Amino acid sequence: MKIKITKTTTPGTMPSEDQLGFGKVFTDHMFIMDYEAGKGWYDPRIVPFGRISLHPASTVLHYGAEIFEGLKAYRREDGGVQLFRPMENIKRMNNSAERMSLPAIDEQDMLEILETFVKTEEKWVPRSFGTSLYLRPFTFGNDESLGVHAVKSATFMLIASPSGSYYAEGINPVKIMIESEDVRTVRGGTGYAKCGGNYAASTRAGEKAMKKGYSQVLWLDGVERKYIEEVGAMNVMFKIGGEIVTPKLTGSILPGITRKSCIEVLKSKGYTVSERLLSLDELVEAMKSGTLEEAWGCGTAAVVSPIGQLAVGEDEYEINDGKIGAVTQELYDVLTGIQWGKIEDPFGWVYKL
């Protein structure tokens, strides 16, 4: 793939790393590529970061024809830069594209796009442990017609944002509320796809939880309203007795790359990991009996997020005395160690640029 690069004439300066936050500062450039049915993807280019123009009838604005991914570039202690399992993000993005009737992108072309773009923006990869360059590739339909049909015209873009440490003040367990009214997705829907509509539909419940003093919600399935699915916008795991349990991928749960990595790390260390249906009744019984030893969310942004309290209606249950558990801490240490190049990568997950 021949990528045309047009450098900005007004390069920016990255703020101090303790002021980065998440998704508020953007790099100098962005990648754009266009698609037309019968022609395929064409005109791949890196251009100065800026606003884009859309026809008012663009498909994305009216019918939500959009997908995205999220991954990071990490700075090693030797100054080099690396990605973490980028091919998993690429495969998932194409799975999302198929579900949303958007055009897929050749896997090797996508890897080349990521590598070329990160090398172009390498000065924006921060250096402190815990910081990273967050990469947001996304595809949207832009047919200039209000008819409902499969997308014939689309745009793929990639933008990047240097991000601060998620746990600048330490990993503090969060309080979570079981959501009993809204559902995130349903089997047969778009739950396994990473599309904007899933996140927009989850916002109301999250806002309600925060008003009650909780960080996020624990989602139940949309059919029987009895099985655990995700926590906020993350996958979720529980240590119940000697078993690590995470909800099985039934089509309504996002197949998280951090989730997959956690499972592989845990199995490599001899833990029993079960991907199965976990009912709310079973979870409540485990909390009452004391066999629920740990609970945590897992995802790209936080890696792992320990859960210190769960609320079921008016009842609140504390988990592990409200402290991060040993397994949760171990997962965080291993995954971040590999991502930032502090420990050996025995799994072959790192892609060095």
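So, Arg76, is that one among the basic types (Lys, Arg), more than 22 Å from Tyr166 (Cβ to Cβ) and out of contact with any helix residue (DSSP H, G or I) (no Cβ under 6 Å at 6 or more places or on another chain) or not? In short, no.
What's the total number of residues in segment 278-289 that are surrounded by fewer than 16 Cβ atoms within 10 Å (Cβ to Cβ) and farther than 15 Å from Gly242 by Cα?
Going through segment 278-289, the residues surrounded by fewer than 16 Cβ atoms within 10 Å (Cβ to Cβ) turn out to be 279, 281, 285, 288-289.
Subsequent filtering for residues that are farther than 15 Å from Gly242 by Cα retains 279, 281, 285, 288.
Qualifying residue count, segment 278-289: 4.
Restricting segment 259-273 to residues that are surrounded by 15 or more Cβ atoms within 10 Å (Cβ to Cβ) and under 22 Å from the mean Cα position of the chain (by Cα), the residue that is nearest to Val223 (Cα to Cα) is Arg259.
Check Val273, Val236, Val304 and return the single one that is touching a Cys at 6+ places or on another chain (Cβ under 7 Å), modelled with pLDDT of 95 or more, within 30 Å of Phe129 (Cβ to Cβ) and among the aliphatic types (A, V, I, L, M).
Numbers: Val273 fails: touching a Cys at 6+ places or on another chain (Cβ under 7 Å); Val236 fails: touching a Cys at 6+ places or on another chain (Cβ under 7 Å).
Just a single option satisfies the conditions, and that option is Val304.
Give the residues of segment 53-80 that are closer than 19 Å to Phe31 by Cα and either of a type outside the set (S, T, N, Q) or assigned by TED's automatic domain parsing to the domain that holds Gly188 (or both), sorted by residue number. If the condition is that a residue be closer than 19 Å to Phe31 by Cα and either of a type outside the set (S, T, N, Q) or assigned by TED's automatic domain parsing to the domain that holds Gly188 (or both), then Leu54, Val60, Glu66, Ile67, Phe68, Glu69, Gly70, Leu71, Lys72, Ala73 are the ones that fit. Note down all Cβ pairs under 6 Å where the first residue falls in segment 217-236 and is on the phi < 0 side of the Ramachandran plot, the second is of a type in the set (Phe, Trp, Tyr), and they're at least six residues apart or on different chains. Listed pairs, sorted by first residue: Asp221/Tyr227; Glu229/Trp219; Glu230/Trp219. Summed over segment 126-146, the residues that are in contact with an Asp or Glu (Cβ under 8 Å, 6 or more places away or on another chain) and assigned to a loop (DSSP other than H, G, I, E, B) give a count of 4. Of the residues making up segment 124-165, those that are loosely packed, with under 15 Cβ neighbours inside 10 Å and over 17 Å from Val25 (Cα atoms) are Glu144, Ser145, Leu146, Gly147, Val148, His149, Ala150. For residues in segment 301-353 being assigned to a loop (DSSP other than H, G, I, E, B) and among the basic types (Lys, Arg), which is surrounded by the most Cβ atoms within 10 Å (Cβ to Cβ)? So the residue we want is Lys323.
None of Ala233, Ala200, Ala209, Ala168 is surrounded by fewer than 23 Cβ atoms within 10 Å (Cβ to Cβ), over 23 Å from Val312 (Cβ atoms), hydrophobic (A, V, I, L, M, F, W, C) and assigned by TED's automatic domain parsing to the domain that holds Thr328 except Ala200.
The values are calculated or read from the model by the stated rules, or taken from the named source; none is laboratory data. What you are looking at is a predicted structure, and each value in this text was computed from that prediction instead of being measured. So basically every Cβ, Gly included, is an ideal-geometry build from the backbone, and we count neighbours across all protein chains shown.
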